[in-house]
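Reading through the structure tokens given below for one structure.
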Amino acid sequence: MNNQLYIYDCLVGKLRVSDGNFMTIGAGRSSTFRVVMDMDEAGSFAQRDETCRFFPHGRVELYSVNGEHLKTDFLIRPGVMYLFVLGGGCFLAWYGDAATRPDFSVLDPHRWYVYNPAEGQWTGPIRLQDLPELADKLPDGALATFEGLGDRAFYVADVLCAANHRRLYPQESEDILADEAAAGEYRCPGCWRTFAPANALAIASSPDLVGDDVLGFDAMKRFVPERFDERGLPLDEHGSSCTDWACPCCHMKLPPFFHLTKQHIISIVGVPAAGKSYYMASLVGRLEVELPREFGMPFRDADPAGNAPLNDMRMRLFSATTPQEAYIGKTKLQGSLYRRVWVGTHFVHMPRPFIYNINKGSLSYSVVLYDNAGENYEPGRDAAQNTAAGHITVSSGILFLFDPTVNPGFRSVLKDNPDPQLRHCLHMPGRQATMLAEAEMRLRKRLNLGPDAKLDVPLAVLVGKCDTWSSLLGPEPLLPLVHNGMFVPEHVNINSARIRQLVFNVAPNICTNAEAISNNVRYFAVSALGESPVEFRDADTGATLIGPASGQVQPFHVTDPLLWVLSCAEPSLFPCAQS
């Protein structure tokens, strides 16, 4: 039997596996499991002859296992989950064969639940930061657990004691982003913090160098390179050449040649069910065709593994033979379009960056696209979910996708249109203007803008599903933004004025909220599908859904907003026609 020790930090969601016979927990640099606490060494786990024991290094009254205070060292039995309180933290400890270890991935310490024994009731979910206020109203013996822990729980008093011995509670997300401790000229597409490329970490390639102090036991080790081979590639401690690099802040893998490309983050925002996923899939599909054809610029996948979810959606949309095959479900807060990223002191579910390269001669530009679940922009969302929408504060451009099919004004003027989206309201009317107002407030707080100040970042308002409403613009077609290999800014302004006038007449609050954010706003008509979708019955659930009439997907003007945003952020990228 080859037993291993697994330690899970319940206050921040960090997992480590033992890599030897001894593991210490504490804040000291020599600790094998470093924790933000006020104790250099809280304790140690020693493994010998298939047994494992815990030895406290501090005041014993601050230590407990499964709710019982320790008096001396403690035997860890194989195959048993233990709940430890170690002065500066709450931990799970499990010792045994890796083949039978628990599934730690189901744990979510951002969602805590509290049991009141006097009332026999559970309360939650709540944030760890909110536990002290709630604890004042609870009797002795109250319990606290979190998502995925099942019927196991800590005493609330023990959780508070552990948290108070930490140097900080997990910080509010906006504060973490504001603290650019590792400032430099490159921004990590995973955590959005900046660093100098020279400070990037190498990722070990030797198969036995598994285990990272941030990402956990199943990630390849990250390290500061000190030795290099004849090609200039870093060598890991076993002498293998390494080709991959990681962010020094969150340890996420960086795109190849990150230090040689100029990066532009593009934020795509909108309420749930507005069609962001369909739009992104259509956008990438059309950029691969239009940029080489119109400008002679290749648009290439810079991270095939990381871009796989978006590429899968694109292939499904354009290759399906039935509406069910082409259907793209809504973005879930913890679905395939999200991943866990270490931000400051804890893991946060962040949107997955989709990274593509544009080459112009010897110059290379990186376009990083983000699609958030619309719920991330709802007022009242907690700090961790606000972090997930924080890319709008560092973006080169914002694309706001407005869905007119659920707007009361547009639904009124389109009441005779047979489009099935006008018979079903997929999200609440009025939420779109509220989402813009919420985005504005977050931007103002994060960037410390006064009530009258505006951003200079370009904001494109995409009036989606224009195949349904474009007749409201009149018989004249919109002008093409590209003519004879030249980008035509004047056509952007002419089209925008027409579309804005229509939107202002029908839904003026969309215009006023957008124009309160940026000095540089333009309006675009787009259709990710090119025609109205159809209703179909889901073969698995029997539910009636709305999806693309597959085989007829012909996106309309989906690249126009991004071309305009990139022309603002990088004026020399496209040749421009003079007005």
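Structure notes:
- Sole exception among (1) under 26 Å from PHE574 (Cβ atoms); (2) in a strand (DSSP E or B) for PRO480, by number: (2)
- Answer from PHE91, PHE54, PHE154, PHE74 - the residue that is of a type in the set (Phe, Trp, Tyr) and under 17 Å from LYS14 (Cα atoms): PHE91
- Enumeration of residues in segment 219-243 that are closer than 25 Å to GLY28 by Cβ, surrounded by 11 or more Cβ atoms within 10 Å (Cβ to Cβ) and not small (Gly, Ala, Ser): MET220, LYS221, ARG222, PHE223, PRO225, ASP236, GLU237
- Qualifying residue in segment 460-470 (condition: acidic (Asp, Glu), within 30 Å of PRO292 (Cβ to Cβ) and assigned by TED's automatic domain parsing to the domain that holds LEU563): yes
- Hits in segment 443-454 (condition: of a type outside the set (Asp, Glu) and either touching a strand residue (DSSP E or B) at 6+ places or on another chain (Cβ under 6 Å) or surrounded by fewer than 17 Cβ atoms within 10 Å (Cβ to Cβ) (or both)): LYS445, LEU447, ASN448, LEU449, GLY450, PRO451, ALA453, LYS454
- Residue in segment 43-53 that is closer than 14 Å to ASP158 by Cβ and free of Cβ contacts under 8 Å to residues at least 60 places away in the same chain present: no
- Filter pass, HIS259 being assigned to a helix (DSSP H, G or I) and either in contact (Cβ under 8 Å) with a residue 40 or more places away in the chain or not assigned by TED's automatic domain parsing to the domain that holds THR405 (or both): yes
- Residue in segment 415-427 that is among the hydrophobic types (A, V, I, L, M, F, W, C), touching a strand residue (DSSP E or B) at 6+ places or on another chain (Cβ under 6 Å) and modelled with pLDDT under 75 present: no
- Pairs with Cβ under 6 Å, 6+ apart, first in segment 113-125 and in the same structural domain as ASP140 (by TED's automatic domain parsing), second charged (D, E, K, R): PRO125/ARG111
- Single condition ARG59 does not satisfy, out of (1) at pLDDT 85 or above; (2) surrounded by fewer than 16 Cβ atoms within 10 Å (Cβ to Cβ); (3) basic (Lys, Arg): (1)
- Residue among VAL492, VAL461, VAL457 that alone is crowded, with 16+ Cβ neighbours inside 10 Å, of a type in the set (Val, Ile, Thr) and assigned to a helix (DSSP H, G or I): VAL492
- Among (1) assigned to a loop (DSSP other than H, G, I, E, B); (2) farther than 24 Å from TYR155 by Cβ; (3) touching a residue at least 40 places away in the same chain (Cβ under 8 Å), the one test that GLY96 misses: (1)
- Of the residues making up segment 206-240, those that are closer than 26 Å to ARG300 by Cβ and either in contact with a strand residue (DSSP E or B) (Cβ under 6 Å, 6 or more places away or on another chain) or of a type in the set (Phe, Trp, Tyr) (or both) are MET220, LEU233, PRO234.
- Count of residues meeting criterion [surrounded by 20 or more Cβ atoms within 10 Å (Cβ to Cβ) and part of a helix (DSSP H, G or I)] in segment 395-416: 4
- The condition of being closer than 20 Å to PHE487 by Cα and either touching a Leu at 6+ places or on another chain (Cβ under 8 Å) or not aromatic (Phe, Trp, Tyr) (or both) holds for only one of LEU310, LEU287, LEU317, that being LEU287.
The values are calculated or read from the model by the stated rules, or taken from the named source; none is laboratory data. This is a predicted model, so every value here is computed, not measured. Methodologically, a virtual Cβ is constructed for each residue, glycine included, from the backbone with ideal geometry; neighbour enumeration extends over all protein chains shown.
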